[in-house]
């Protein structure tokens, strides 16, 4: 019996969420029911999630864009603005920009 999963993610800045999404999409022991995106530009994050699901052959998985700010109202240390403006990046880790092109 597959484990039902709704994946909530801030995909797009680091590779960890992309790997987790692809694993969940392709692992037969997981029933990926939906993906939600949070933090910053949630529409862009949802677009990245949809692109990865399409590459995994799982276009039927629904993706929803969620809240752009945290419950405490504080912005995340790394946002899409930080990707576009390297001088605004947090010093904790470099984050390369990602781009996906449809084929």
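Yes/no matrix, rows are residues, columns are (1) under 10 Å from residue 11 (Cβ atoms); (2) without any contact (Cβ under 8 Å) to a residue 24 or more places away in the chain:
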site	(1), (2)
21	yes, no
25	no, no
35	yes, no
45	yes, no
49	yes, no
59	no, yes
69	no, no
Task: Complete set of residues in the range 34-47 that are surrounded by 13 or more Cβ atoms within 10 Å (Cβ to Cβ) and touching a strand residue (DSSP E or B) at 6+ places or on another chain (Cβ under 8 Å) - done: 34, 35, 36, 37, 38, 42, 45, 46
Task: Subset of the range 5-22 that is in a helix (DSSP H, G or I) and touching a strand residue (DSSP E or B) at 6+ places or on another chain (Cβ under 8 Å) - its residue that is surrounded by the most Cβ atoms within 10 Å (Cβ to Cβ) - done: 21
Open item on the list: Looking only at the range 23-38, count every residue that is part of a helix (DSSP H, G or I) and closer than 25 Å to residue 67 by Cβ and tell me the total.
Closed with: 3
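A short reminder: the numbers here are calculations on the coordinates, not readings from a lab. Quantities reported herein were computed from a predicted structural model and do not represent experimental measurements. Ideal geometry is used to build each Cβ from the backbone, glycine not excepted, and the neighbour counts take in all protein chains shown.
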